[in-house]
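Structure record follows, encoded as structure tokens.
The values are calculated or read from the model by the stated rules, or taken from the named source; none is laboratory data. These numbers were taken from a predicted model, which means no experiment stands behind them. Cβ atoms come from the backbone with ideal geometry, glycine included; neighbour counts cover every protein chain shown.
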């Protein structure tokens, strides 16, 4: 089984190397990008396959030589290699688990203050800083799309885009309900309050992926307003788009141009409709849906940030970090790596049970 998988990996990797040097492929930008993406995705599996093949050959050679006489180094190799080969086989299978087709996409992130009043709004602001800093550290760019600031600071809600190949594969695990436990600055008795904020992570959909009939849209324009109802614009530049078949409503007012607000609203609408379509597809395959780590369901409590104890706990994988300040500063990689590994294990189990 593993021999044939290693052969498949090596053959496909060699084929991709040849295509990347093919002038016909190089001259086709779309095709070259597609081949390059698959090549980069296959590299980790190819490296593991190479290590497995080398170690397997070394083990066979060591066993042959040990039949002719004892050698301490060869004996050590013969004893240790089988364990490492078994580990490599598991790693190769995990590396070859079918990826989520949305993993390469840009994402739209919506953060909303939940229960907890002012403290929830401040926490929503903390999550916004955490995710944008993490995006920057990973080499992605961010673009603010819409925000509703709270008077005390933070946000009632904020929507922003994270751009770069593979953004969804990193940030999809942030979807869900985040909970904070801390003493608010306004709390004179020093009591710990619990507040929440929800994060929705949507793969950004292209126009060709979500066909929207203009007749299904109700577009309203109105004057945008600032904090306290103050008018910040004397023209009807704010836009509200209602998708009548589903009832999905998107409003945008941050830009001075009605055209820009409409364009941003359509981006968010496409992403929300795409997510609905995905959810419907996944609901038809219940076992697969359960295997998805961090599915982004709003009711799912994914993580708790406990300030008195300086810890962050991810409830999906029971992983705890005692670097609270670092995590809120964007150091999320340990959570992303652990969640990605768990998702792969779940997908592998699902694939094995379906076989």
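Okay, here's what the table says:
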{"item": "Extreme residue, surrounded by the fewest Cβ atoms within 10 Å (Cβ to Cβ), among residues of the stretch 169-205 that are in contact with a helix residue (DSSP H, G or I) (Cβ under 8 Å, 6 or more places away or on another chain) and in a helix (DSSP H, G or I)", "result": "169"}
{"item": "Test set (1) touching a strand residue (DSSP E or B) at 6+ places or on another chain (Cβ under 7 Å); (2) crowded, with 18+ Cβ neighbours inside 10 Å; (3) farther than 25 Å from residue 237 by Cβ - residue 115 fails condition number", "result": "(2)"}
{"item": "Hits in the stretch 206-246 - residues which are part of a helix (DSSP H, G or I) and either modelled with pLDDT of 90 or more or closer than 14 Å to residue 270 by Cα (or both)", "result": "214, 216"}
{"item": "Flag if residue 12 is farther than 17 Å from residue 96 by Cα, assigned to a helix (DSSP H, G or I) and touching a helix residue (DSSP H, G or I) at 6+ places or on another chain (Cβ under 7 Å)", "result": "no"}
{"item": "Residue among 80, 90, 60, 137 that is at pLDDT 90 or above, surrounded by fewer than 19 Cβ atoms within 10 Å (Cβ to Cβ), closer than 30 Å to residue 342 by Cβ and not assigned by TED's automatic domain parsing to the domain that holds residue 202", "result": "80"}
{"item": "Enumeration of residues in the stretch 93-110 that are touching a strand residue (DSSP E or B) at 6+ places or on another chain (Cβ under 7 Å) and either modelled with pLDDT of 95 or more or assigned to a loop (DSSP other than H, G, I, E, B) (or both)", "result": "102, 105, 106"}
{"item": "Flag if residue 79 is farther than 30 Å from residue 102 by Cβ and outside any helix (DSSP H, G or I)", "result": "no"}
{"item": "Any hit, the stretch 24-45, residues being crowded, with 16+ Cβ neighbours inside 10 Å and under 30 Å from residue 184 (Cα atoms)", "result": "no"}
